[in-house]
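To keep things clear, I will list the structure first and then write my remarks on it.
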Amino acid sequence: MTTKSTTKTRNLCVILGDQLSENISSFEGFDKKKDSILMMEVLDEIEYVNHHKKKLVLIFSAMRHFAEDLRKKGFNVIYVEFDDSKSSFTKELERQCGIHKPEKIVVTHPGEYRVLVEIKKWNDFLKIPTLILEDTRFFCQISEFNEWAEGRKELRMETFYQMMRKKYKILLDEKGGPIGGKWNYDVKNRKRLPKDIGVIPEPLAHKPDKITQSIIEKLKEKFSNHFGEIEPFWFAVTRDEAQKSLDDFLENRLDLFGPYEDAMAQNEKFLFHSVLSMYLNIGLLNPRDVIQKILEKKSIPIESIEGFVRQILGWREYVRGVYWHYMPKYNESNFFEAKKKLPDFYWTGETEMNCVKTCIEQTIQESYAHHIQRLMVTGNFALIAGLNPKEVCDWYLSVYADAFEWVELPNTHGMILYADGGILGSKPYAASGNYINKMSDYCKGCKYDVKKKDGKDACPFNYLYWDFFLKNQKKLEKNPRLWTVFSTIKKMSKEKKEQIASDSAEFLKKI
Ligand SMILES: Cc1cc2nc3c(=O)[nH]c(=O)nc-3n(C[C@H](O)[C@H](O)[C@H](O)COP(=O)(O)OP(=O)(O)OC[C@H]3O[C@@H](n4cnc5c(N)ncnc54)[C@H](O)[C@@H]3O)c2cc1C
Ligand code: SF4
């Protein structure tokens, strides 16, 4: 469906697929009589990585619902569906400018560097002034982050987060200090899931309506080669539905979010996580509203409230700042010179490592894995097996419904792979099987023995962990946070080191 208006437009306001908010900056000063909105589904965006089918359904359905909503409110919306569109934003925009002859193009700053580069060419290519406005949905503007980062030796999340708490007066006492006396309740947030936890309420599932159903059918026909399972599709695709998902989280899972934030369990895909990132990232939820609602929950323990606020006001804002501060160079580094090809099992889940298999199979089904699954299972494996950062980053960008480069890249390239050499993290998040065993029940159902350190049935995480530090000793041994690792290595016998190297080489050869 393409809606064509022949009336000449003053400003053409381009709304991208992750800008589905009525408070988006490009709407400022919008005149319903003179201006039009352009929304485009283009092939380049569908195909630049192998996006999960559920992610494509989410974005297109949310875009089409948003367009319908705007039309009902009297906005003139030009909407180009992928069947009718040109291959790129620029080509489609050129066509639309030929029809509507706008005086100006207005767009909010995009979430990905590659799109910003494309937008910056519109002015000269189309000979139409193009105004790029700040994305004011974020708490911290890019220029503000750059100012904060200027001259600092280290850009640590914790320092940034405290600055944001003070700036927005969130969870502060009368003296301006942190409520409860601590900025951070991390130590209380590392509990393993107890056996008697009972039934954990799953996130709210939304029934696909006609619009969503028609997208599902179209995608099945045209993009069946894309990753992941398209059905059952249960994501929210409107603001109303996303709001219900938020309320459901506040009501049913927030209270235990903090303590079990780092836990993993074989038959629990979501645990107490909010499963809201995809709605926040495409604009169905506004982070300010989410924080406001969280703060109103006075009866919830501080470790859950602070734990959640830290994710949104701290991590989410911080990784965006790091992304724009360091792009376009950020993804060029490869600190460990890791070269190994991404194993096929990242796409199929066919591996005998039960933890990896479980997280990947869940990803295939849901286009979702929670933070610790991404960080300490698939991410940890990618780090200690020495997988190529570019391929790992493309995988994370493809498979998760919430994946947009501004948030995916710092988490992958920086947090899990340490490929940025320590810009984002103060040490690599490498862990042996012991961590996974402590925080989950995955090892019980595994062919490998988590207690064994070497030999054929030993847990691969155990020898790969030491192999990683032995291979990268020169680059890491001066890091004070790795003192205990390298003091153990100093005491290690030559035979032990040889055993680790041969077990690792043998395993890595097979994958
Ligand atoms: C390798 C890797 C890749 C990741 N890629 C993405 C991505 O593409 N998109 C994305 O939104 N998140 C990404 N994350 C961060 C985090 O894993 C997800 O935001 C979270 O799992 C989403 O699930 P949730 O909504 O249930 O989050 P919850 O655990 O309920 O957390 C609440 C919210 O906090 C925010 N948040 C939490 N941690 C982070 C973080 N590290 N960075 C940014 N925001 C955070 C999210 O908006 C999330 O919805 C990645 C993490 C890792 C380790
Ligand atoms: S034994 Fe090792 S590979 Fe198997 S589930 Fe545990 S940590 Fe994963």
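Taking a straight Cα-Cα cut-off under 19 Å and skipping sequence neighbours fewer than 8 places away in the same chain, the aspartates and glutamates within cross-link reach of LYS104 are GLU28, ASP31, ASP35, GLU92, GLU94, GLU118, ASP124, GLU134, ASP135.
For LYS478 and GLU47, the difference between the fully extended length at 0.36 nm per residue and the C-alpha to C-alpha distance is 150.9 nm.
Computed packing ranks the peptides 430-436, 67-73 as 430-436, 67-73, most packed first, by mean other Cβ atoms within 10 Å. Residues GLU202, GLU81 ordered from highest to lowest accessible area at a 1.4 Å probe: GLU202, GLU81.
With the convex hull drawn around the C-alpha atoms of the chain, the volume per residue stands at 158 Å³. For the stretch 192-247, taking the reciprocal of the average inverse distance between every pair of different Cα atoms yields a Kirkwood hydrodynamic radius of 13.8 Å. Ordered by 1.4 Å accessible area with all protein chains kept, LYS195, LYS456 run largest first as LYS195, LYS456.
When the helices in the chain are scored as -39500 (n - 2.57) per DSSP H run of 4 or longer and the sum is shared across all residues, what 222 nm value do you end up with, to the nearest 500 deg cm²/dmol?
Working: 23 runs with 216 residues, N = 511.
Taking each H run of at least 4 residues, the total per residue is -12000 deg cm²/dmol.
Taking each residue as 0.36 nm, the span from LEU508 to ASP173 lengthens on full extension beyond its C-alpha to C-alpha distance by 115.3 nm. Residue pairs exceeding 32 angstrom between C-alpha atoms, taken from LYS121/LYS390; LYS195/LYS475; LYS339/LYS491; LYS167/LYS340: LYS195/LYS475; LYS167/LYS340.
Place a label point 7 angstrom from the Cα of LYS8 along the Cα-to-Cβ direction, then list the residues of the stretch 98-141 whose backbone nitrogen is under 16 Å away. Backbone N within reach: 98-105, 128-129. Near GLY176: Cβ cut-off under 14 Å, other residues only, Lys/Arg at +1 and Asp/Glu at -1. The net charge is +3. Under conditions of 10 °C and 1.306 mPa s, the stretch 102-208 yields 83 µm² s⁻¹ as its translational diffusion coefficient, taking Rh as the Kirkwood radius over Cα pairs in the Stokes-Einstein equation.
Listed cross-link partners LYS474/LYS497; LYS55/LYS91; LYS8/LYS127; LYS444/LYS497; LYS471/LYS497 are compared with a 18 Å cut-off, the Cα-Cα value being larger for LYS55/LYS91; LYS444/LYS497. By a straight-distance test (C-alpha under 13 Å), which aspartates and glutamates pair with LYS220 as possible cross-link partners, with residues fewer than eight away in the same chain excluded? By straight Cα distance, LYS220 reaches GLU229, GLU231.
P(r) for the stretch 345-510, from all Cα pairs and a bin width of 10 Å, is 10, 39, 37, 13, 1 %, short bins first. With the crude spin-label approximation of a point 7 Å out along Cα→Cβ, what separation in nm comes out for PHE345 versus LYS207? If labels sit at PHE345 and LYS207, their model points lie 4.1 nm apart.
Taking amide hydrogens as placed 1.01 Å from N in the peptide plane, the amide H of LEU133 sits under 5 Å from those of VAL107, THR108, HIS109, each at least 5 positions away in sequence or on another chain.
Note on exposure: THR212, THR130 ranked by accessible area (1.4 Å probe, complete protein assembly) read THR130, THR212, with the most exposed listed first.
Pairwise Cα separations in the stretch 11-133 fall into 10 Å bins from 0 onward with the following percentages, short to long: 12, 48, 35, 5.
Distance between the pseudo-spin-label points of GLU296 and ASN434 (7 Å out from Cα toward the beta carbon): 4.6 nm.
Most tightly packed first, judged by the mean number of other beta-carbon atoms within 10 Å of their residues, the peptides 471-482, 379-390 read 379-390, 471-482. Summarising the label geometry, the points placed 7 Å from Cα in the beta-carbon direction at PHE30 and THR159 lie 4.0 nm from one another. Compared with the direct C-alpha span, the chain from ASN123 to LYS451 gains 111.9 nm at full extension, assuming 0.36 nm per residue.
The values are calculated or read from the model by the stated rules, or taken from the named source; none is laboratory data. Keep in mind the model is a prediction, meaning the values are calculated, not measured. All Cβ positions, even for glycine, are placed from backbone atoms using ideal geometry, and neighbour counts span all protein chains on display. Ligands, DNA and RNA are excluded from the accessible area calculation, which covers all protein heavy atoms including side chains. Shrake-Rupley method; radii C 1.70, N 1.55, O 1.52, S 1.80 Å.
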